[in-house]
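> Starting off with a structure, shown below.
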Amino acid sequence: MADNGLIELLQKLVAIPSVNPALADDPAIGTEAPLAEFLSSFLNTRGFRVEWHEITKGRPNVVGRFGPTNPKRSLLIESHLDTQGIHGMIVPPFVGEVRDGRLYGRGACDTKGPMAAALWALAPNLLERLATAGVELVYVGAVGEEKGNFGAEQLVALGIGADEALILEPTELAIVHAHKGTLWYEVEALGRAAHGSNPQHGVNAIRGMARVIEAIEDEIRGATETHTDKFLGRPTVNIGVIRGGSSINIVPDRCVVEVDRRTVPGEDNAAILNNIRSALARLTADEMLTGWNLSSIKEGVPFSTPVETRLVQRLSRACKESGASGRTEGAGWYSDAGPFAKTCKEVAVFGPGSILQAHTVDEYIELSSLQQGSEILRQFLLDLADEVKGAT
Ligand SMILES: [Zn+2]
């Protein structure tokens, strides 16, 4: 079980709907603003200096700072404010019902559980201890993680960062110190329409696309030979969507694919896209296509923090002290750690709850994991204060 205060805090967070606006039919629940209000007042009460960065109207990012303005060390703790939608949920999404040692509701595990665990750890005496040691703590609540990480990107564009960053996500208390990047792109292959009885008069865009797909496969084959990462393994590719053709008896003049390429550190998105562009140009010269377009849909950089860094080592020690394994791992999924790796020297993703429970119709978090996560974060912060104090 968990402290009643911690459970109540998570229930309050779950009771404030904050569905990503792109994932909500009802605008009353599809807004992060009320949760941003709650977080701001929580941080204010704890003595944080709170700023709002409302770069997109109605979607405020919250940044709270505690401690010296000219610190010896800074730590950024971030949780996204938005959740998945509630369509099809079989538990009340905004109640925070407690049953059988679990707390149910949208966001209970992704990522209001980890957020509650961290906020609960921020006791006034611990904050004072950190500040006295010379640590500035920056708590960030970012909008828009579930659809493109754009809140984190907005904050990174403003230069908000720190020496160390903990990104709160349900990792089952594993320390995710690296994850892959994403490169989503679209290829449009163009041909020339003709009647199906005279295909020699046309250029079949679907046939052309078959060759483009071969080029996409060639690209990933080459990449896996040159860029396999120690923690993240191989880069991958998935062609998730194909659209083309209008009728069985017409030579199609257009075919489109949407491609999900996952990258590892050291890969260059521009080089990947250029590789595909060259293939498209070749196929056009060979008259397999009459033209083509290639566009990037979304790009996120991978990150990798060495296991030997202070951040990962300290977190690992705090885990072990509480009986958790403190294991380190790389992940194939993407998070706000990608953007924040640009402005934070050492980054890890961490939190109670399981990613398997994120986005589900009966989302929940185990209360024992919630409690343990909060204790680990508290110990981690205590150790940070001691480490920085000792370094003087
Ligand atoms: Zn999340």
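The values are calculated or read from the model by the stated rules, or taken from the named source; none is laboratory data. These figures come from a predicted structure and were not determined experimentally. Note: ideal-geometry Cβ built from the backbone for every residue, glycine included; neighbour counts use all protein chains shown. For the accessible areas, the whole protein counts, side chains as well, though only heavy atoms, and no ligand, DNA or RNA atoms are used. Shrake-Rupley method; radii C 1.70, N 1.55, O 1.52, S 1.80 Å.
> Please enumerate the residues belonging to segment 237-264 that are of a type in the set (Ser, Thr, Tyr) and buried (at least 16 other Cβ atoms within 10 Å of the Cβ).
Filtering segment 237-264 for residues of a type in the set (Ser, Thr, Tyr) gives 246-247, 263.
Within segment 237-264, just 263 meets the criteria.
> So which residues in segment 78-98 are assigned to a strand (DSSP E or B) and either touching a helix residue (DSSP H, G or I) at 6+ places or on another chain (Cβ under 6 Å) or modelled with pLDDT under 95 (or both), if there are any at all?
We begin by selecting, within segment 78-98, every residue assigned to a strand (DSSP E or B); these are 78-80, 83, 98.
79, the sole residue that qualifies.
> May I ask you to say which residue of 16, 55 is open to solvent by 20 Å² or more (accessible area, probe 1.4 Å) and in contact with a Phe, Trp or Tyr (Cβ under 8 Å, 6 or more places away or on another chain)? Even if it seems obvious, please write down each step before you answer.
On the way: 55 fails: in contact with a Phe, Trp or Tyr (Cβ under 8 Å, 6 or more places away or on another chain).
Answer to the check: 16.
> Restricting to segment 32-52, and then to whatever is among the small types (Gly, Ala, Ser) and under 23 Å from the mean Cα position of the chain (by Cα), can you tell me which residue is surrounded by the fewest Cβ atoms within 10 Å (Cβ to Cβ)? Reasoning before the result, please.
Initially, segment 32-52 is screened for residues among the small types (Gly, Ala, Ser), giving 33, 36, 40-41, 47.
Going one step further and asking which of them are under 23 Å from the mean Cα position of the chain (by Cα), we end up with 33, 36, 40.
Values: 33: 16, 36: 24, 40: 19.
Selected residue: 33.
> If you don't mind, there's one more thing I want to ask. Just one of (1) part of a loop (DSSP other than H, G, I, E, B); (2) more than 16 Å from the ligand (Cβ to nearest atom); (3) more than 24 Å from residue 58 (Cα to Cα) trips up residue 129, so point out which.
(1)
> Considering every residue within segment 99-111, establish whether at least one is on the phi > 0 side of the Ramachandran plot, of a type outside the set (Ser, Thr, Tyr) and either in a helix (DSSP H, G or I) or within 16 Å of the ligand (Cβ to nearest atom) (or both).
Narrowing segment 99-111 to residues on the phi > 0 side of the Ramachandran plot: 100-101, 105, 107.
Within this subset, residues satisfying the condition of being of a type outside the set (Ser, Thr, Tyr) are 100-101, 105, 107.
From the residues that got through so far, the ones that are either in a helix (DSSP H, G or I) or within 16 Å of the ligand (Cβ to nearest atom) (or both) too are 105, 107.
Yes, segment 99-111 has at least one match.
> For residue 351, indicate whether it is small (Gly, Ala, Ser) and open to solvent by 10 Å² or more (accessible area, probe 1.4 Å). I'd like the intermediate steps shown before the answer.
Details: small (Gly, Ala, Ser): yes; open to solvent by 10 Å² or more (accessible area, probe 1.4 Å): no.
So residue 351 fails the test.
> Let me ask something else about it. Please verify whether segment 63-72 includes one or more residues that are away from the ligand (no atom under 16 Å from the Cβ), open to solvent by 60 Å² or more (accessible area, probe 1.4 Å) and over 23 Å from residue 348 (Cα atoms).
Yes - at least one qualifying residue is present in segment 63-72.
> Report, by residue number, each residue of segment 149-179 that is within 16 Å of the ligand (Cβ to nearest atom) and open to solvent by 20 Å² or more (accessible area, probe 1.4 Å).
150, 153, 172
> Out of the residues in segment 132-148 meeting the condition of being within 16 Å of the ligand (Cβ to nearest atom) and of a type outside the set (A, V, I, L, M), tell me which one is farthest from residue 24 (Cα to Cα). Give the derivation first.
First, pick out the residues of segment 132-148 that are within 16 Å of the ligand (Cβ to nearest atom): 140-148.
Okay, now just the ones that are also of a type outside the set (A, V, I, L, M), so 141, 144-148.
Details: 141: 20, 144: 13, 145: 14, 146: 12, 147: 12, 148: 16 Å.
Only one residue tops the list, namely 141.
> To continue, here is another question. Restricting to segment 265-298, what's the tally of residues that are more than 19 Å from residue 184 (Cβ to Cβ) and open to solvent by less than 70 Å² (accessible area, probe 1.4 Å)? Spell out how you get there, then give the answer.
Looking only at segment 265-298, we keep the residues that are more than 19 Å from residue 184 (Cβ to Cβ), and these are 266, 278, 281-291.
Then keep just the ones that are open to solvent by less than 70 Å² (accessible area, probe 1.4 Å); that gives 266, 278, 281, 283-284, 288-291.
Number satisfying all stated conditions: 9.
> Taking the conditions exactly as written (in the same structural domain as residue 194 (by TED's automatic domain parsing) and either more than 27 Å from the chain's Cα centre (by Cα) or open to solvent by less than 60 Å² (accessible area, probe 1.4 Å) (or both)), does residue 224 satisfy them or not? Give the steps one after another, and end with the answer.
Numbers: in the same structural domain as residue 194 (by TED's automatic domain parsing): yes; either more than 27 Å from the chain's Cα centre (by Cα) or open to solvent by less than 60 Å² (accessible area, probe 1.4 Å) (or both): yes.
For residue 224, the condition - in the same structural domain as residue 194 (by TED's automatic domain parsing) and either more than 27 Å from the chain's Cα centre (by Cα) or open to solvent by less than 60 Å² (accessible area, probe 1.4 Å) (or both) - is met.
> Out of all the residues in segment 332-347, which are surrounded by fewer than 24 Cβ atoms within 10 Å (Cβ to Cβ) and away from the ligand (no atom under 15 Å from the Cβ)?
Matches in segment 332-347: 342, 343, 345, 346.
> Answer yes or no as to whether residue 5 is loosely packed, with under 15 Cβ neighbours inside 10 Å and part of a helix (DSSP H, G or I). Can you show your working first?
Values: loosely packed, with under 15 Cβ neighbours inside 10 Å: yes; part of a helix (DSSP H, G or I): yes.
Judged against the criteria, residue 5 is a match.
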